[in-house]
């Protein structure tokens, strides 16, 4: 008998296909009120591509991606209209052509977009109905509410993908941390016991019909047409 193919094993769940829980200890968000925060620490988080800032405002602690030029002890203004790298303010208060990151999709959600190392969006247009248009890195426009909060500047860590993984072990542990499937291989390169398309024989794979409600692992290489047979 064969064994579960990779997609089935991942769906079943095991220690081999689990992300490290310690990697996701730090949740990026914005504080509830306004004020002046202090950068208490800049550190690496396994679940994030960019270094994180540990910010303290009053008795509240929160985390935000680090911006270019951030230093420990630096002050970050929250809620003021001062446009300075690292400051957190509403989108309607940001001038045109300013770079912003960690953008809220809806006011109050804590920031959902532009959180990868080296990324930022540009404030592009203003509209009369309190809507602001952002120019994203893929050159597409995104229209958001002016009440959404953003961080000013560009996220640190640009050039991250230029540094190669020198060993297979380093790549393995990085992918393991974020629960990414690695290494990837094609089905026809496997042995016959490991996958329905395995072995060197029969590489001209014929399409087969899978049940409509079959789980993803049971539908590997199959199609599910909307109907079959003659009308």
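A short reminder: the numbers here are calculations on the coordinates, not readings from a lab. Note that the coordinates shown come from a computational prediction; the quantities given were computed from them, not determined experimentally. When we count neighbours, we look across all protein chains shown, and the Cβ atoms used for this are built from the backbone with ideal geometry, even at glycine.
Mean residue ellipticity at 222 nm, helices only, the chain: -2000 deg cm²/dmol; runs of at least 4 DSSP H residues each add -39,500 (n - 2.57), and the sum is divided by the number of residues. In a GNM of the chain with a 10 Å cut-off on Cα contacts, which of 174, 125, 139 has the highest mean-square fluctuation? Comparing 174, 125, 139 in the GNM, the peak value goes to 139.
When each of 190, 114 is scored by the number of other beta-carbon atoms lying within 10 Å, the sequence from fewest to most is 190, 114.
Build a GNM of the chain with springs between Cα atoms under 10 Å apart, and of 49, 97, 177 the one that fluctuates most is 97. Angle of helix 168-177 to the longest C-alpha principal axis of the chain, folded into 0 to 90 degrees and rounded to 10: 70°.
Extension gain for residue 192 to residue 160 (0.36 nm times residue separation, less C-alpha to C-alpha distance): 7.6 nm. Put in order of Cβ neighbour count within 10 Å, fewest first, the listed residues 72, 150, 100, 94 become 72, 94, 100, 150.
Take residue 174, project a point 7 Å from its Cα along the Cβ direction, then tell me which residues of segment 44-64 have their backbone nitrogen under 14 Å from it. Hits in segment 44-64 for residue 174 at 14 Å: 45-51.
What's the exposure ranking of 142, 15, 55, going from fewest to most Cβ atoms within 10 Å?
Details: 142 15, 15 5, 55 23.
Exposure proxy ranking, most exposed first: 15, 142, 55.
For the chain, a Gaussian network of Cα nodes joined below 10 Å ranks 180, 29, 140 by mean-square fluctuation, and the top entry is 140.
Inter-label distance, residue 3 to residue 122: 5.1 nm, where each label sits 7 Å from its Cα along the C-beta direction.
At 0.36 nm per residue, minus the direct Cα-Cα distance, what do residue 74 and residue 199 gain on full extension? Give it in nm, one decimal, please.
On the way: separation 125, 0.36 × 125 = 45.00 nm, distance 6.00 nm.
Full extension from residue 74 to residue 199 adds 39.0 nm.
Note on the chain: along the principal axes its Cα atoms extend 67, 50, 32 Å, ordered by decreasing extent.
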